[in-house]
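Colleague: Structure below; questions to follow.
The values are calculated or read from the model by the stated rules, or taken from the named source; none is laboratory data. All figures in this text were calculated on a predicted structure; none of them were measured in a lab. Positions of Cβ are generated from backbone atoms using ideal geometry, with glycine treated the same way; all protein chains shown enter the neighbour counts. When the accessible area is computed, the model is the full protein with side chains, heavy atoms only, and any ligands, DNA or RNA have been set aside. Shrake-Rupley method; radii C 1.70, N 1.55, O 1.52, S 1.80 Å.
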Amino acid sequence: MADSKRADFSLIKKGILEENPVYTSALALCPTLAVTVTAVNGLGMGIATTAVLTASCLLVSLLRNVIPNAVRIPIFILICASFTTVVQFLLQAYLPALNDALGMFIALIAINCIILARMESFSSKNPALNTTFDAIGMGLGFTLALIIIGIIREFIGGGAFLGFALPEAFPRTTVLALPPGGFFVLAFVIVIFTKFRDKFFSGKPKPAKVAVGGGCASAKACPSADCPAKDEGGSS
Amino acid sequence: MQLILVFLSAALVNNLVLARSLGVCPFIGVSKQLKASVGMGAAVTVVMVIASAATFAIFNLVLVPFDVVFLHIIVFIFLIAGLVQLIEMFLKKYVQPLHKALGIYLPLITTNCAVLGIVLLNIETFSDSILYTLAHGLGGGIGFTLALTLFAGIREKMEKNDSIPKALKGLPITMIVAGLMSIAFLGFAGMITL
């Protein structure tokens, strides 16, 4: 673990590249697949999640010596759900169009597994400043992951680029804008991302296996350290 | 008749995993073995039906009369978590064999977005009828089980396949298979219009 007393800016980069929550840990797949029909939706979802993530991780970090270990998970969920409700109100008030586009998935931020995994594995053990960096890095990593998938799906599936429609002559493969497209695009983005990351970070050996067996379900449900899905945030 | 349509629509046309992209994590995570996926599917179905009924009651008897609907996310999450605990304790005490079969999957359901998703959908669409709520919950659970079991069957076969390109091994090929299954389920679209 990096020296926990010092501010560690590399945590931001780690969340975006080396431990990108979507591409390497396969966390939070549901919002990733559901809202990325357009890049703007992906951006909105990413920012909303980052806001909840940063706020709740910060709070967990500040309270980490107060929260009793036995009931920490319910408290984490309570904190996360409260901030989610706040974000949902803000969106309803100021960005109603985005709120309608994202629909239920705003409410589902409350049980987003990235947030629970970060709170459990990083925030509850680290001081506030590094927690903030870690949360922002993970949030940006998630946001970028969504935007990239969103751009591809919008471009090929919807025939538009960042909301501007392409000429009619441009071929549209509508299936990419439908639910199956999310799976396909994610698969190929993961392949390219892994290649790219292995090439540029070959100095640091990474576990070659992605956590296929993991996912949301086990991010929270196995508190023990031997859970294969839980990433060892901050302990590398 | 309408009830059957709601059930079929939740199970097939608007399949939770393949059409609504809910509960994808357990779908990817617990589909390595057919046996485990049946257990997970059964556990999710049971929790989904009971949670549908419980959230219906809480929503209409507590949240609406006291005008605290804005708390519904927090209340529902804790309701589901509590329910899962209760079901686990009940099974452990009275139905040992079932607890053995479903026990390890129950805690995983607490943060399953499929369950929270279906109860949120319930209050959006069917907040005035308990029967429709139950049909929707049951359909969602059966649909989840169906998708999970079919997917696990494919993945068990896939394990033995050596001709998958190296770059696609692991998560990517799993995603592609899930996408193909999702295309297959698109075929149900338009079959039932509510």
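Colleague: What number of residues within the range A:31-47 satisfy the criterion of being open to solvent by 10 Å² or more (accessible area, probe 1.4 Å) and under 11 Å from the mean Cα position of the chain (by Cα)?
Modeller: The total comes to 2.
Colleague: With respect to B:Ile87, determine if the residue is hydrophobic (A, V, I, L, M, F, W, C), over 21 Å from B:Val13 (Cβ atoms), outside any helix (DSSP H, G or I) and open to solvent by less than 50 Å² (accessible area, probe 1.4 Å).
Modeller: On the way: hydrophobic (A, V, I, L, M, F, W, C): yes; over 21 Å from B:Val13 (Cβ atoms): yes; outside any helix (DSSP H, G or I): no; open to solvent by less than 50 Å² (accessible area, probe 1.4 Å): yes.
Judged against the criteria, B:Ile87 is not a match.
Colleague: Moving to a separate point now. Among (1) modelled with pLDDT of 90 or more; (2) surrounded by fewer than 23 Cβ atoms within 10 Å (Cβ to Cβ), which single condition is B:Gly143 missing?
Modeller: (2)
Residue-by-condition table, conditions (1) under 19 Å from the mean Cα position of the chain (by Cα); (2) under 21 Å from B:Cys25 (Cα atoms):
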{"position": "B:Phe66", "(1), (2)": "no, no"}
{"position": "B:His72", "(1), (2)": "no, no"}
{"position": "B:Leu91", "(1), (2)": "no, no"}
{"position": "B:Ile104", "(1), (2)": "yes, yes"}
{"position": "B:Ile109", "(1), (2)": "yes, yes"}
{"position": "B:Val115", "(1), (2)": "yes, yes"}
{"position": "B:Phe126", "(1), (2)": "yes, no"}
{"position": "B:Thr133", "(1), (2)": "yes, no"}
{"position": "B:Gly137", "(1), (2)": "yes, yes"}
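Colleague: How many residues are more than 14 Å from every other protein chain (Cβ to nearest Cβ) and closer than 27 Å to B:Leu71 by Cα if we restrict to the range B:7-31? Can you show your working first?
Modeller: Residues of the range B:7-31 that are more than 14 Å from every other protein chain (Cβ to nearest Cβ), as a first pass: B:7-11.
Among the residues that remain, those that are also closer than 27 Å to B:Leu71 by Cα are: B:10.
Residues flagged as more than 14 Å from every other protein chain (Cβ to nearest Cβ) and closer than 27 Å to B:Leu71 by Cα within the range B:7-31 amount to 1.
Colleague: Let me ask something additional. Take the range A:24-48 and flag every residue that is within 13 Å of chain B (Cβ to nearest Cβ) and of a type in the set (Ser, Thr, Tyr).
Modeller: Across the range A:24-48, the qualifying residues are A:Thr24, A:Ser25, A:Thr32, A:Thr36.
Colleague: Can you tell me which residues in the range A:143-187 are closer than 25 Å to B:Asn14 by Cβ and among the small types (Gly, Ala, Ser)?
Modeller: Answer for the range A:143-187, where residues must be closer than 25 Å to B:Asn14 by Cβ and among the small types (Gly, Ala, Ser): A:Gly150, A:Gly157, A:Gly158, A:Ala177, A:Gly181, A:Gly182, A:Ala187.
Colleague: Within the set of pairs 6+ apart or on separate chains, which have a first residue in the range B:77-88 that is within 11 Å of another protein chain (Cβ to nearest Cβ), a second that is modelled with pLDDT under 85 and surrounded by fewer than 21 Cβ atoms within 10 Å (Cβ to Cβ), and C-beta atoms under 8 Å apart?
Modeller: Short answer, once both residue conditions are applied: B:Phe78/A:Pro74; B:Ala81/A:Pro74; B:Val84/B:Pro107.
Colleague: Here's something else I'd like to know. Can you find even one residue in the range A:158-168 that is touching a Lys or Arg at 6+ places or on another chain (Cβ under 6 Å) and more than 12 Å from every other protein chain (Cβ to nearest Cβ)? Walk me through how you get there before you give the answer.
Modeller: Here is the first cut: in the range A:158-168, the ones touching a Lys or Arg at 6+ places or on another chain (Cβ under 6 Å) are A:159.
Still in the list and also more than 12 Å from every other protein chain (Cβ to nearest Cβ): A:159.
Looking for residues that are touching a Lys or Arg at 6+ places or on another chain (Cβ under 6 Å) and more than 12 Å from every other protein chain (Cβ to nearest Cβ), one finds at least one in the range A:158-168, hence yes.
Colleague: Does B:Gly190 satisfy the criteria of being away from every other protein chain (no Cβ under 12 Å), at pLDDT 90 or above and within 22 Å of A:Gly181 (Cα to Cα)? Before you say what the answer is, go through the steps one by one.
Modeller: Working: away from every other protein chain (no Cβ under 12 Å): yes; at pLDDT 90 or above: no; within 22 Å of A:Gly181 (Cα to Cα): yes.
It is false that B:Gly190 is away from every other protein chain (no Cβ under 12 Å), at pLDDT 90 or above and within 22 Å of A:Gly181 (Cα to Cα).
Colleague: Kindly indicate whether any position in the range B:32-41 is open to solvent by 30 Å² or more (accessible area, probe 1.4 Å), more than 11 Å from every other protein chain (Cβ to nearest Cβ), closer than 24 Å to A:Ser82 by Cβ and not in a loop (DSSP other than H, G, I, E, B).
Modeller: Within the range B:32-41, the subset open to solvent by 30 Å² or more (accessible area, probe 1.4 Å) is B:32-35, B:38.
Filter again for more than 11 Å from every other protein chain (Cβ to nearest Cβ), leaving B:34-35, B:38.
If we keep only those that are closer than 24 Å to A:Ser82 by Cβ too, we end up with none.
So far as the range B:32-41 goes, no, none of its residues is open to solvent by 30 Å² or more (accessible area, probe 1.4 Å), more than 11 Å from every other protein chain (Cβ to nearest Cβ), closer than 24 Å to A:Ser82 by Cβ and not in a loop (DSSP other than H, G, I, E, B).
Colleague: Select from the range B:5-27 the residues that are within 14 Å of B:Leu150 (Cβ to Cβ), in a helix (DSSP H, G or I) and open to solvent by less than 10 Å² (accessible area, probe 1.4 Å) and list them in ascending order.
Modeller: Matches in the range B:5-27: B:Ala11, B:Phe27.
Colleague: Go through the residues of the range A:217-227 one by one and say whether even a single one is charged (D, E, K, R), assigned to a loop (DSSP other than H, G, I, E, B) and at pLDDT below 85.
Modeller: Taking the range A:217-227 and keeping what is charged (D, E, K, R), we get A:220, A:226.
Subsequent filtering for residues that are assigned to a loop (DSSP other than H, G, I, E, B) retains A:226.
Going one step further and asking which of them are at pLDDT below 85, we end up with A:226.
Checked against the condition, which is being charged (D, E, K, R), assigned to a loop (DSSP other than H, G, I, E, B) and at pLDDT below 85, the range A:217-227 yields at least one hit.
Colleague: Looking at this structure, is A:Ile79 farther than 24 Å from A:Phe188 by Cα, open to solvent by less than 40 Å² (accessible area, probe 1.4 Å) and in contact with a Leu (Cβ under 6 Å, 6 or more places away or on another chain)? Talk me through it step by step, then tell me what you get.
Modeller: On the way: farther than 24 Å from A:Phe188 by Cα: yes; open to solvent by less than 40 Å² (accessible area, probe 1.4 Å): yes; in contact with a Leu (Cβ under 6 Å, 6 or more places away or on another chain): yes.
Answer is yes for this residue.
Colleague: Tell me which of these B:Tyr94 doesn't satisfy, since it passes every other one: (1) at pLDDT below 85; (2) hydroxyl-bearing (Ser, Thr, Tyr); (3) crowded, with 21+ Cβ neighbours inside 10 Å.
Modeller: (3)
Colleague: Do we have B:Phe126 as open to solvent by 50 Å² or more (accessible area, probe 1.4 Å) and more than 12 Å from every other protein chain (Cβ to nearest Cβ) here? Don't jump to the end; show me each part of the working.
Modeller: Numbers: open to solvent by 50 Å² or more (accessible area, probe 1.4 Å): no; more than 12 Å from every other protein chain (Cβ to nearest Cβ): yes.
Considered against the rule, which asks whether it is open to solvent by 50 Å² or more (accessible area, probe 1.4 Å) and more than 12 Å from every other protein chain (Cβ to nearest Cβ), B:Phe126 comes out as no.
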